[in-house]
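Derivation of every value follows stated rules applied to the coordinates shown; laboratory data play no part. All figures in this text were calculated on a predicted structure; none of them were measured in a lab. In this analysis, Cβ positions are derived from the backbone assuming ideal geometry, glycine residues included, and neighbour counts consider all displayed protein chains.
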């Protein structure tokens, strides 16, 4: 299942007994703060989730999906990488 911001807001409001408006506001603040931190190339450690950081990807060659066997250059770009915590890995891989 894919959770939207609205669905997560409802879950937070139900679990902690706060209004959906307050949970939506809190999520907005957290999102903006993460964006600000990551835009300055700093990393974010979320104890139970993992570490978010910005990585630089070099320019590389790829294949045009619309014209088979036609090489194209994929521009260098910055991406967000996540290194999951041991706790999250254990939770996800629990059988």
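In the chain, the longest principal axis of the Cα atoms and the axis of helix 5-16 are about 30 degrees apart. Applying the Kirkwood pairwise sum to the alpha-carbon positions of the chain produces a hydrodynamic radius of 16.7 angstrom. The slack between residue 4 and residue 93, meaning 0.36 nm per residue of separation minus the straight C-alpha distance, is 29.7 nm.
Can you check what the Kirkwood hydrodynamic radius comes to for the stretch 1-40, Cα pairs only, in Å to one decimal? Each step should come with its number before you reach the end.
Details: mean 1/r = 0.0932 Å⁻¹.
Taking the inverse mean of 1/r over all distinct Cα pairs, the stretch 1-40 comes out at 10.7 Å.
In the chain, the longest principal axis of the Cα atoms and the axis of helix 20-39 are about 40 degrees apart. Projected label points at residue 30 and residue 54, each 7 Å from Cα along the beta carbon direction, are separated by 2.2 nanometres.
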